[in-house]
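Structure first, then comments.
Laboratory data are not the source of any read-out in this text; all were calculated from the coordinates shown. What you see is a predicted model, and the numbers here were worked out from it, not measured in a lab. Here the Cβ positions follow ideal geometry from the backbone for every residue, glycine too, while neighbour counts run over all protein chains shown.
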Amino acid sequence: MEKAVVVGAGAMGHGIAQLLAMAGFETWLVDVKEEILDKALNQVRWSLGKLVEKGRVREEEAKKVLERMKTTVNLEDAVRDAKVVVEAVPENLELKKQVFGRLGKATQPNTLLATNTSSLSITEISKAVEKPERVVGMHFFNPPVLMPLVEVVKGEYTSDEVAGFAMDLARRMGKTPILVRKDVRGFIVNRILISMFTEVCLAVCRGEATIEVVDAAVKYKAGLPMGAFELADYIGLDVAYNISKVMEEAYGERAKVCPELEKLVKEGKLGQKTGKGFYDWSVGYPRIPFKLADKYDVWRIYVVSVNEASWLLKEDVATPQDIDTAIKLGTSWVQGPCELGDELGLDLVLSRLRELHMKYKEEIYKPCPLLEEYVGRGWLGRKTKRGFYIYE
Ligand code: 3HC
């Protein structure tokens, strides 16, 4: 049986390990403490139980999956004969480089080394390994067992063969891979999510809306599966904060860290996993009142996400199709930002951005030059049969 190893047994790590075991690999989960590994295996048992309950996996198969899963605190021993290693330790560049330094020495020269980083530079991480061409980004979405997307990210040194292997591996794990053409911070999905989060944080910080008001509008008017603050709590505020810091460093004022998020993280309130975050999770999932949905204008999150998609296109990170697929599969939005922009009308999106920029002087509303160019050419979306897409 081929061997796979996942380093880091947190929310993402144990889910990725479960997927590898479900794909037939003998899968070793590595972390620094036995207690963490025991907890991770319990979560895998729970998840497999759910999949059996829903008829997605047969009981005998679930047993075999568990038999294929092993745990250890000894990284070097685990990876020695592995075909694939996926790193899922916390989002800290120095820590990741340390782990990759050890992986580079302890693995066979042809072992695939993937990082599940949400936002950090694949190129930087790969520099810790003697043969950086075998390092690739494989960014999974929370919860990895249910979310169908993997962003496969090539660093500067990643070979085409390794990127192709990562794409095949994602497919073998039952996922749809999207190749991210450039190693930009936040890749595709987190760029769009952070633009939305920056806007809603500004709205709350300016006192224009409460967290519940925003989330009611996001859920019931925009039709997203979770409110923006609810989602941040769900993925973990420490995770959201680390991503935000990387994004702020890369994009400056356009991706300012939300002060409320920073405050909660400093207080140790990390969302669902600690019972408190933007919401109180000790009583279960937040109850977001439907009646508040009209008190925040969801056009504001629409226009910032269409604007961010324009930046991704301008930087040639992905095609409109790949941006839309990534958002739909990675976050369960019904429409991707390029489809949405074309439907709303790019001229209306642009004029709303200009209005918001004039009023608030915030970078997040500054229109992307590509959007201005499209509108200038009369490419306004569906209504002119040309926008991000061409319509027959
Ligand atoms: N394994 C198996 N089953 C699971 C599971 C897991 N890991 N996690 C949840 N389930 C179960 C639930 O318990 C539930 O079972 P139940 O019906 O018996 O209670 C079932 O799956 C489905 O749950 P729901 O009925 O709540 O179904 P939903 O339709 O609401 O789906 C969801 C849940 C898929 C999480 C949906 O709410 C969703 O898509 N939310 C958005 C998530 C998202 O955006 N993720 C990406 C975040 S960004 C990210 O990860 C990037 C990173 O870099 C931060």
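Around the Cα centre of the chain, unit charges on the Cβ atoms of Lys, Arg, Asp and Glu (plus for the first two, minus for the last two) sum to a dipole of about 440 debye. I need the shape label for the stretch 126-249. Rule: rounded when a/c is under 1.5, else prolate if a/b > b/c, else oblate, with a, b, c from the alpha carbon gyration tensor. Verdict is prolate for the stretch 126-249. Please report the antiparallel percentage of the DSSP beta bridges confined to the chain, to the nearest 5. Roughly 25 percent of the beta bridges in the chain run antiparallel, per DSSP. Using C-alpha pairs below 8 Å separated by at least 6 residues, the relative contact order for the chain is 12 percent. Quick check on the stretch 307-392: take the gyration tensor over C-alpha atoms, sort the square-rooted eigenvalues as a ≥ b ≥ c, and tell me if it's rounded (a/c under 1.5), prolate or oblate. The shape class here is oblate. The listed peptides 29-41, 45-57, ordered by packing as a protection proxy, come out as 29-41, 45-57 (highest mean of other Cβ atoms within 10 Å first). A simple spin-label model places pseudo-atoms 7 Å from Cα toward Cβ; at SER159 and LYS291 they are separated by 6.4 nm. Classify the stretch 200-298 as rounded, prolate or oblate from the Cα gyration tensor: take a ≥ b ≥ c as the square roots of its eigenvalues, call it rounded if a/c is under 1.5, otherwise prolate when a/b beats b/c and oblate if not. It is oblate, given that a/c is not under 1.5 and a/b is not larger than b/c. Which loop GluC sites (Glu not before Pro) in the stretch 246-319, with loop taken from DSSP, have no more than 15 other Cβ atoms within 10 angstrom of their Cβ? Listed in order of number, the matching sites are GLU267, GLU315.
Beyond 32 Å between alpha-carbons counts as too far, so tell me which of LYS63/LYS269; LYS3/LYS245; LYS63/LYS105; LYS3/LYS54; LYS256/LYS295 fall in that bin. Violating the 32 Å Cα-Cα cut-off are LYS63/LYS269; LYS3/LYS245; LYS63/LYS105. In a reduced charge model with +1 at each Lys and Arg Cβ and -1 at each Asp and Glu Cβ, the stretch 42-177 shows a dipole moment near 420 debye about its Cα centre. Its residues counted as N, the stretch 128-193 yields a C-alpha radius of gyration over 2.2 N^0.38 Å of 1.09.
Here the stretch 3-180 carries DSSP beta bridges of which approximately 15% are antiparallel, counting only pairs with both residues inside. Direction-averaged projected area, Cα convex hull, the stretch 3-180: 8.7 nm², rounded to one decimal. In plain terms, the chain from GLU67 to ARG80 could stretch by 2.6 nm, reckoned as 0.36 nm per residue minus the Cα-Cα distance.
Mean residue ellipticity, 222 nm, helices only, the chain: the sum of -39500 (n - 2.57) across DSSP H runs of n ≥ 4, divided by residue count and rounded to 500, is -15000 deg cm²/dmol. For the Cα trace of the stretch 189-392, dividing Rg by the Kirkwood Rh returns an Rg/Rh value of 0.97. In order along the stretch 164-177, the phi-based Karplus estimate (6.51 cos²θ - 1.76 cosθ + 1.60, θ = phi - 60°) of 3J(HN,Hα) comes to x, 5, 5, 4, 5, 4, 4, 5, 4, 7, x, 10, 9, x Hz; Gly and Pro are listed as x.
Listed by chain and number, the lysines placed with their C-alpha closer than 19 angstrom to that of LYS33 are LYS70, LYS96, LYS273; residues fewer than eight positions away on the same chain are left out. For the chain, count the residues as N, evaluate 2.2 N^0.38 Å, and divide the Cα radius of gyration by that value, please. Scaled against compact globular proteins, the figure is 0.99. Taken along its three principal axes, the alpha carbon spread of the stretch 65-129 comes to 35, 23, 18 Å, from the longest extent down to the shortest.
Think of the chain as having a plus end and a minus end, set by charges on the Cβ of Lys, Arg, Asp and Glu; of THR198, LEU112, SER282, SER282 sits farthest toward the positive end of this dipole.
Given +1 at the Cβ of Lys and Arg, -1 at the Cβ of Asp and Glu and no other charges, the dipole of the stretch 189-392 around its Cα centre is 360 debye to the nearest 20.
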